[in-house]
Amino acid sequence: MKELPKNPSDWITKSTKTVYDNQWISVDHHEVQNPGGGDGIYGVVHFKNTAIGIIPIDAEGLITLVGQFRYPLKQYSWEIPEGGGPKEEDPLDAAKRELEEETGLTSNIWSKVFEMDLSNSASDESSIIFLAENCSPGQSSPEETEALALVKISINELYLRVESGEIRDSLTVAAAYWLKLNRGN
């Protein structure tokens, strides 16, 4: 495959100030000169963890989804198990921990599926999606902020729920399309 060209940045950063900071994110305000030469501002959300998503498939080929209320959207969401992995932690270790915490599932067959940037126009959040195969049940231990429900569905049903707009979480949407292309019925 031919490499895509990488153009240098025409943005000039004049100053940067952190305007918000907590244990998960910080928000920086940048005074900039844009590519057209005009002065402007840019806000960037910096994530302190890597977003980790896990596609858990059991021996019957069913995917376990996690249902939970997502505060920023003020709505319920069905999604693959997800969490944040500290930058200094091995992403696979974070994936194993998140899968067991949220679902109780464990697996001995893991592979990295892909990486992606989640909202590169306003944040530096990156994610890694893992596939966990032949998952075995166990005991979950969700965090106190997580009131979770679990459901098992087929790859095709996941894909159809994404296509209908019922499932909209970005990691889950990307995982559903990957599954349809690589494991679809």
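None of the figures in this text is laboratory data; all of them are computed from the coordinates on show. Keep in mind that this is a model prediction, so the values were computed, not measured. Virtual Cβ from ideal backbone geometry, glycine too; neighbours counted across all protein chains shown.
Couple of notes before you dig in:
- Residue range of the chain that is longest and free of GluC sites (Glu not before Pro) which are both DSSP loop and sparsely packed (at most 13 other C-beta within 10 Å): 4-59
- The stretch 48-183: antiparallel DSSP beta bridges as a percent of all, rounded to 5: 80 percent
- The residues V19, V113, when put in order of fewest to most other Cβ atoms within 10 Å, stand as V19, V113.
- Nonlocal amide H pairs with L105, under 5 Å, H built at 1.01 Å: G138
- Counted charge near D169, where neighbours are those whose Cβ lies closer than 12 Å (Asp, Glu -1; Lys, Arg +1): 0
- For the chain, taking the reciprocal of the average inverse distance between every pair of different Cα atoms yields a Kirkwood hydrodynamic radius of 18.2 Å.
- Restricting the chymotrypsin sites (Phe, Trp or Tyr not before Pro) of the stretch 72-148 to loop positions (DSSP other than H, G, I, E, B) with no more than 11 neighbouring Cβ atoms within 10 Å leaves nothing.
- Within the listed set I155, I80, I55, the residue fluctuating most in the Gaussian network model of the chain (springs between alpha-carbon atoms under 10 angstrom) is I155.
- Amide H contacts of S123 (H built 1.01 Å from N, under 5 Å, at least 5 apart or other chain): V45
- Estimated 222 nm signal from helices in the chain, with DSSP H stretches of n ≥ 4 weighted -39500 (n - 2.57), rounded to 500: -6000 deg cm²/dmol
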